[in-house]
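For reference, the structure is listed below as structure tokens.
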Amino acid sequence: MQIRSLFLVVAMALPVAHPVVAQESPRPVVSEIIGEDPDTARDFIGTVSARTEVDLGFPASGTIASRPVSLGDTVKEGDVLAQLDPEALEAGAWAARAGVVIATQGLKSAQDALDREKILVERGVESQARLEDAERQFAAAKARLEQAKAALIRAEDILDSAVLRAPHDGVITRVFAEPGASVSAGQPVIRLAATDEREVVIDLTESELAILPKQALFDATLLAVSTVHAQIRLRSIDPVADTRTRTRRGHFSLLDAPEEFRIGALVKARPQLEDIKVMTIPANAVLYDNGEPFVWVISRPEGKARKTAITLGQTLGERSIVTSGLQINQEILTKGIHSIKDGQIVGPRVGK
């Protein structure tokens with residue numbers, strides 16, 4: 001009995017053995033390594049265009065007698081582009097000349113009548129009212145002569161302008177009317193593109209515009225001759241989008257381009273990466289604290305999650321542009337972002 005009690009006391013004095021619990025390893029995470037957006041390296045297709053284009057027509061209606069130029073022709077300042085049939089215009093000029101002769105005779109008659117009335121009034125034969133009426137007739141005749149002279153000048157100008165000439169050096173980019181066609185005053189006949197200053201035009205989507213800084217620099221290559229290169233710089237963007245394509249036209253200045261960059265030529269343009277560095281992240285990786293955006297940045301090798309404030313630009317589909325707060329090659333959490341706490345240790349990266 002005493003031995004059994006002794007064993008009981010010894011057993012109670014021994015420490016109680018607890019089961020060993022294994023420490024849980026940090027769970028793996030789905031993350032992304034920040035890099036420059038690969039979309040900035042894509043190629044754009046554009047067209048060499050004249051910076052200045054003008055539609056030319058005649059100031060009078062008539063029938064086109066000849067048009068010695070065709071689409072794509074290069075012309076010099078003063079070259080004849082088209083000519084109206086001068087017969088009707090010459091008839092108008094002759095009528096205007098006759099109008100001047102008639103108005104001149106009318107003014108002479110009014111002057112003679114006025115002189116007679118002045119003499120008669122001085123002799124007391126006619127009243128002052130008759131003299132005033134003669135003065136009004138003289139003023140009206142004088143105005144008719146001035147009007148006839150102006151009509152003659154206009155008719156002669158129209159006759160001279162029956163020949164449409166190039167106002168400057170250029171290329172014919174469009175033809176609106178053929179010989180024999182009747183045209184009205186001001187109706188376009190030919191479109192002339194000036195060759196003294198060329199540009200490249202590229203139609204851009206809103207997402208593409210979002211990644212282009214002001215005066216972005218591109219390397220351009222002729223599609224027809226891949227060995228001919230030039231640099232182009234973004235100069236302006238049309239304020240209104242095309243209603244069909246929803247794109248806006250970008251205008252790029254050609255920098256010391258060779259002559260092979262002719263109007264109408266197709267070019268392939270690629271942004272210079274040192275000039276355009278755009279960083280985007282998945283839009284669903286962004287959290288907000290009192291309206292301020294942030295992401296979880298994972299520090300390696302310790303795997304610590306750090307709350308990092310960022311500045312966002314435009315959202316492009318499922319990705320958002322980051323303008324500040326992150327650096328290239330940083331790792332950000334893209335899934336499970338709502339269950340992470342600042343300073344929490346996470347496991348290895350398992351994917352994007």
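Side notes on the structure shown:
- Total residues in the stretch 112-135, condition assigned to a loop (DSSP other than H, G, I, E, B) and of a type in the set (D, E, K, R): 1
- Every residue from the stretch 141-180 that is surrounded by 13 or more Cβ atoms within 10 Å (Cβ to Cβ) and of a type in the set (Gly, Ala, Ser): Ala141, Ala148, Ala151, Ala155, Ser161, Ala162, Ala166, Gly170, Ala177
- Any hit, the stretch 221-235, residues being of a type in the set (Gly, Ala, Ser), surrounded by fewer than 17 Cβ atoms within 10 Å (Cβ to Cβ) and more than 18 Å from the chain's Cα centre (by Cα): yes
- Top-ranked residue of the stretch 187-220 - restricted to ones that are of a type in the set (Lys, Arg) and crowded, with 17+ Cβ neighbours inside 10 Å, ranked as nearest to Arg319 (Cα to Cα): Arg198
- Odd one out for Glu117, checked against (1) of a type in the set (D, E, K, R); (2) touching a residue at least 24 places away in the same chain (Cβ under 8 Å); (3) not assigned by TED's automatic domain parsing to the domain that holds Thr173: (2)
- The set of residues in the stretch 195-210 being under 13 Å from the mean Cα position of the chain (by Cα) and assigned to a loop (DSSP other than H, G, I, E, B) consists of Thr205 alone.
- Number of positions in the stretch 79-117 that are touching a Leu at 6+ places or on another chain (Cβ under 8 Å), farther than 30 Å from Val175 by Cβ and either β-branched (Val, Ile, Thr) or loosely packed, with under 13 Cβ neighbours inside 10 Å (or both): 2
- Thr227 vs. criteria in a strand (DSSP E or B) and among the hydroxyl-bearing types (Ser, Thr, Tyr): no
- Any hit, the stretch 252-271, residues being touching a residue at least 60 places away in the same chain (Cβ under 8 Å) and farther than 13 Å from Val48 by Cβ: yes
- Matching residues, the stretch 89-124, being of a type in the set (Lys, Arg) and within 17 Å of Gln147 (Cα to Cα): Arg97, Lys108
Each row is one residue, and each column tells you yes or no for (1) outside the structural domain of Ala210 (by TED's automatic domain parsing); (2) at pLDDT 90 or above; (3) not β-branched (Val, Ile, Thr).
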{"residue": "Val286", "(1), (2), (3)": "yes, yes, no"}
{"residue": "Val297", "(1), (2), (3)": "yes, yes, no"}
{"residue": "Ala305", "(1), (2), (3)": "yes, yes, yes"}
{"residue": "Thr311", "(1), (2), (3)": "yes, yes, no"}
{"residue": "Arg319", "(1), (2), (3)": "yes, no, yes"}
{"residue": "Ile328", "(1), (2), (3)": "yes, no, no"}
{"residue": "Thr334", "(1), (2), (3)": "yes, yes, no"}
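- Of all residues in the stretch 238-275, those being loosely packed, with under 15 Cβ neighbours inside 10 Å and of a type in the set (A, V, I, L, M, F, W, C) number 4.
- Considering Val322, Val346, the condition of being aliphatic (A, V, I, L, M) and under 30 Å from Ser25 (Cβ atoms) is satisfied by Val346 alone.
The values are calculated or read from the model by the stated rules, or taken from the named source; none is laboratory data. Predicted model, so just to flag it, every value in this text is computed and none were measured. All Cβ positions, glycine included, derive from the backbone under ideal geometry; neighbour counts span all protein chains shown.
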